[in-house]
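Notes for the one structure printed next.
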Protein chains: 2
Amino acid sequence: MACKNAFYAQSGGVSAVINASACGVLQTARQHSEEIGKVYAGRNGIIGALTEDLIDTTVESEAAIAALKHTPGAAFGSCRYKLKSIQEHRAQYDRLIEVFHAHDIGFFFYNGGGDSQDTAYKVSLIGAERAYPIVCVGVPKTVDNDLPITDCSPGFGSAAKYLSTSIREAAFDVASMSRTSTKVFALEVMGRHAGWTTAACALAAEEEGGAPHILLLPEITFTEERFLAKVEEALTRYGHCVVAVSEGVKGPDGKFLSASGVKDAFGHAQLGGVAPVITQLITAKLGCRCHWAVANYLQRSARHIASAIDVEQAYAVGRAAVEFAIAGRSAVMPAIRRLSDAPYRWDIIEAPLSEVANQEKLLPPNFISADGFGITEAARRYLAPLIVGEAYPPFKDGLPDYVKLQNAPASKKLTQEFAV
Amino acid sequence: MACKNAFYAQSGGVSAVINASACGVLQTARQHSEEIGKVYAGRNGIIGALTEDLIDTTVESEAAIAALKHTPGAAFGSCRYKLKSIQEHRAQYDRLIEVFHAHDIGFFFYNGGGDSQDTAYKVSLIGAERAYPIVCVGVPKTVDNDLPITDCSPGFGSAAKYLSTSIREAAFDVASMSRTSTKVFALEVMGRHAGWTTAACALAAEEEGGAPHILLLPEITFTEERFLAKVEEALTRYGHCVVAVSEGVKGPDGKFLSASGVKDAFGHAQLGGVAPVITQLITAKLGCRCHWAVANYLQRSARHIASAIDVEQAYAVGRAAVEFAIAGRSAVMPAIRRLSDAPYRWDIIEAPLSEVANQEKLLPPNFISADGFGITEAARRYLAPLIVGEAYPPFKDGLPDYVKLQNAPASKKLTQEFAV
């Protein structure tokens, strides 16, 4: 068998550990130089393939590749760009095959969430349809933890650790201030439809009644009266109240409490700013002073407080993707399978892309407490192992020392440009 | 000399290291049991003294006191409560003397910012006026770094490290996304009038032109056209733009860009939410997608990413306060004196409370770049040493293991209540 080259790209919202998966892919590919030739990275995801903007990863030193394991963001650039259906946009697919052919690419690795797994799946379909031999393997990544089949998604554990740490710390702050000043603190958490990240905030509670006192999950309809009653209850019991609120919380009318009206490239509403909405409500109705924070990108890029288990799993799915590809497994994604909660044990299995693409795994009902404002013991058992272990990056001059790759472009082979 | 007891309390907005100062005070006092008897902590600052709500710190174990060094928030509770002038509110001062007398308190330690140093100063004045012998020593603390005389304020270095780390991480994120999605990221930073924390964000830049590309300092009047031109310049040059914006930025009309209208106990306007204001402006005028975060309490409670030098200084000013008091120095505050930038060397000197109280140290003009959107090399030399070194707290089950003290009330000696 001729030794084919590989294409690897990163897609969708990035995470603190997506580069750890890149590290797993690249290091493993380098160890299998008899089966895989060069690894080209797509600059900005699939767009790099469409525009023939390929990065030659072979010029990167071993040290630089190793440093990806502790560097947040997407080292090769990401994109929010979803391939249309093959029927709808045949030219895109023709172009992909043309670029792959020109660069002798026989392996396609796509690192991302549900939309990205859909892209990987479509590439596998078009390869088959055009009889272009390409092995397509998805690499899971999503801070939202909403991918199906896999027990958890790399990226989630680190966001969960950042959020639970941050809300524990902020809870110490508001408890200190509550006698004469701020009594309520609300932290706004990402997660459009699935409440995993918001649920993870509950890990901060050290005992029954510990902060956060209220979770506002996107799975539960927000009603003003029930929420305010719960805030009052916490204020009465503890003198202060800490709230973790999902950006995706919706009211009884089914509308996001705070929709900015802006939509992203996938047509999803761009959210943000629900924390000020609920704290204004509290101030207006209960008359107490509130503070709020919106973590936004900080929660998905905070590599300085990454979960060690998350880093390990992110690397492992990258490595497994290459191993699957070498074994000729296509249209699959390495998925994490949980073997036990405590001690936490896991391994990696194969998930068919057809069953992963475009699915969203919400919090199961048995993970949400009866009143809808908290999580159950089952959820706690699930979440707890995912934030364990610190994996500090190296620091230089007081700041994390992250790597920036050279990202040297590979020579173009095609003469035609392609507009995306 | 009879061995008098001491009163220690924490006041104002808390920080990641105010408890390290408490640790310095308590451990040093315990080492000087021949000069200082019991240390009573005020529950919620000066309010604890007024209401005779004193905490008996002697019941806390050595281990619990030691753990204060790595625990954020105010272990004894803080307050926003400023003593009125002696003329205006004589009853408050009478009460303080009464409580101090009842508990044989001869030492008064007050840990806080400018307003708190004013309280410590007033207590020293009333002690002299009433011929009640009390040694009053302030312990500096402010995330805002706006105390005069001291070269820096404990609390600032850790906030600076958190902010510069966070904005560096978020910059990796937005750089990854900028090809097809978000091009601008804005992080809102605390600091009502002084731009120290916003300036510290600039430490994240690794080279000329590195993120953050724009600082919006409260010392510089915001003008829409100049700001948008600067954003466009960054977008053209780098393809993305990272902004650190102070909550205290004002427009040409002298009004805060985002004043919530709410005022705190000191009559200062409560701010927050300027990041959405400036990103909405960018989207409206330049048509690009933006993300924003508001760090709020996270930046002042993030003990997990505290600066080691800040922790050391916070402890040192606590220890020095007790040493000053034992030496009979009253109406003073330990201040940090910088001896050299690189290598960073410092010691502790004595600052008169009369010169510290109610002063605000803004960024000096020579620390602000010519265009007002950045900092100078002089500022960088000043800021750089303050974030050096990691001082990670212990972790348990994936989360920082912070201490909660017993905070056992001391027996009351007085029969009269006092309303605050």
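A few comments on the model shown:
- So A:Val25, is it over 15 Å from the mean Cα position of the chain (by Cα), closer than 15 Å to A:Pro140 by Cβ and modelled with pLDDT of 95 or more: yes
- Selected residue [touching a helix residue (DSSP H, G or I) at 6+ places or on another chain (Cβ under 8 Å), within 11 Å of chain B (Cβ to nearest Cβ) and surrounded by fewer than 14 Cβ atoms within 10 Å (Cβ to Cβ)] from A:Asp371, A:Asp397: A:Asp397
- Matching residues, region A:320-353, being open to solvent by 60 Å² or more (accessible area, probe 1.4 Å) and under 27 Å from A:Cys3 (Cα atoms): A:Glu323, A:Ala327, A:Arg329, A:Glu350
- Identity of the residue in region B:169-184, in contact (Cβ under 8 Å) with a residue 12 or more places away in the chain and open to solvent by 20 Å² or more (accessible area, probe 1.4 Å), that ends up farthest from the other protein chains (Cβ to nearest Cβ): B:Lys183
- Filter pass, A:Ile309 being more than 14 Å from the chain's Cα centre (by Cα) and within 13 Å of A:Ser153 (Cβ to Cβ): yes
- Considering the conditions (1) open to solvent by less than 70 Å² (accessible area, probe 1.4 Å); (2) more than 14 Å from chain A (Cβ to nearest Cβ); (3) part of a loop (DSSP other than H, G, I, E, B), B:Glu417 is excluded by exactly one of them, (1).
- Of the residues making up region B:63-79, those that are buried (at least 23 other Cβ atoms within 10 Å of the Cβ) and within 13 Å of chain A (Cβ to nearest Cβ) are B:Leu68, B:His70, B:Thr71, B:Pro72, B:Gly73, B:Ala74, B:Ala75, B:Phe76, B:Gly77, B:Ser78, B:Cys79.
- In the set (1) closer than 25 Å to B:Arg30 by Cβ; (2) surrounded by fewer than 19 Cβ atoms within 10 Å (Cβ to Cβ), the condition left unmet by B:Thr376 is number (1).
- Hey, A:Glu88 over 30 Å from A:Ser307 (Cβ atoms) and in a loop (DSSP other than H, G, I, E, B) or not: yes
- For A:Ile97, the conditions (1) farther than 17 Å from A:Ala321 by Cβ; (2) open to solvent by less than 40 Å² (accessible area, probe 1.4 Å); (3) in a helix (DSSP H, G or I); (4) in contact (Cβ under 8 Å) with a residue 40 or more places away in the chain are fulfilled apart from (4).
- Single residue of region B:272-287 satisfying the filter (in a loop (DSSP other than H, G, I, E, B) and out of contact with any His (no Cβ under 9 Å at 6 or more places or on another chain)) that is farthest from the other protein chains (Cβ to nearest Cβ): B:Gly287
- Residue that is open to solvent by less than 20 Å² (accessible area, probe 1.4 Å), in contact with a Gly (Cβ under 6 Å, 6 or more places away or on another chain) and away from every other protein chain (no Cβ under 14 Å), where the choices are B:Gly42, B:Gly12, B:Gly48, B:Gly24: B:Gly24
- Selection status of B:Val59, under 19 Å from B:Ala325 (Cβ atoms) and touching a residue at least 24 places away in the same chain (Cβ under 8 Å): no
- The set of residues in region B:80-90 being open to solvent by 70 Å² or more (accessible area, probe 1.4 Å) and free of Cβ contacts under 8 Å to residues at least 12 places away in the same chain consists of B:Lys84, B:Gln87, B:Glu88, B:Arg90.
Each row is one residue, and each column tells you yes or no for (1) within 21 Å of the chain's Cα centre (by Cα); (2) open to solvent by less than 20 Å² (accessible area, probe 1.4 Å); (3) at pLDDT below 95; (4) of a type outside the set (D, E, K, R).
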position: A:Ile220; (1), (2), (3), (4): no, no, no, yes
position: A:Phe227; (1), (2), (3), (4): no, yes, no, yes
position: A:Lys230; (1), (2), (3), (4): no, no, no, no
position: A:Arg237; (1), (2), (3), (4): no, no, no, no
position: A:Pro252; (1), (2), (3), (4): no, no, yes, yes
position: A:Asp264; (1), (2), (3), (4): yes, yes, yes, no
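- Qualifying residue in region B:296-304 (condition: part of a loop (DSSP other than H, G, I, E, B), modelled with pLDDT of 95 or more and facing chain A (nearest Cβ under 7 Å)): yes
- Residue selected from region B:306-319 under the condition surrounded by fewer than 24 Cβ atoms within 10 Å (Cβ to Cβ) and at the interface with chain A (Cβ under 9 Å from one of its Cβ atoms), by the criterion farthest from A:Arg168 (Cα to Cα): B:Ile309
- Restricting attention to region B:157-182, the residues being out of contact with any Gly (no Cβ under 7 Å at 6 or more places or on another chain) and of a type outside the set (A, V, I, L, M) number 11.
- Only one of A:Asp151, A:Asp144 that is surrounded by fewer than 24 Cβ atoms within 10 Å (Cβ to Cβ) and away from chain B (no Cβ under 11 Å): A:Asp151
- Meets criteria (within 14 Å of chain A (Cβ to nearest Cβ) and open to solvent by 50 Å² or more (accessible area, probe 1.4 Å)) for B:Arg381: yes
- Any chance B:Ala308 is out of contact with any Lys or Arg (no Cβ under 6 Å at 6 or more places or on another chain), modelled with pLDDT under 95 and hydrophobic (A, V, I, L, M, F, W, C): no
- Taken over region A:106-117, the residue count meeting the criterion of being part of a strand (DSSP E or B) and crowded, with 24+ Cβ neighbours inside 10 Å is 6.
- The condition of being in a helix (DSSP H, G or I), under 27 Å from A:Lys84 (Cβ atoms) and more than 14 Å from every other protein chain (Cβ to nearest Cβ) does not hold for A:Glu360.
- Conditions (1) of a type outside the set (Gly, Ala, Ser); (2) within 13 Å of chain B (Cβ to nearest Cβ); (3) within 23 Å of A:Pro148 (Cα to Cα); (4) surrounded by fewer than 21 Cβ atoms within 10 Å (Cβ to Cβ); number of the one not met by A:Ile387: (4)
The values are calculated or read from the model by the stated rules, or taken from the named source; none is laboratory data. All figures in this text were calculated on a predicted structure; none of them were measured in a lab. Here Cβ is always computed from backbone atoms with ideal geometry, including for glycine, and neighbour counts include all displayed protein chains. The area values use the complete protein model at the heavy-atom level, side chains included, leaving out ligands, DNA and RNA. Shrake-Rupley method; radii C 1.70, N 1.55, O 1.52, S 1.80 Å.
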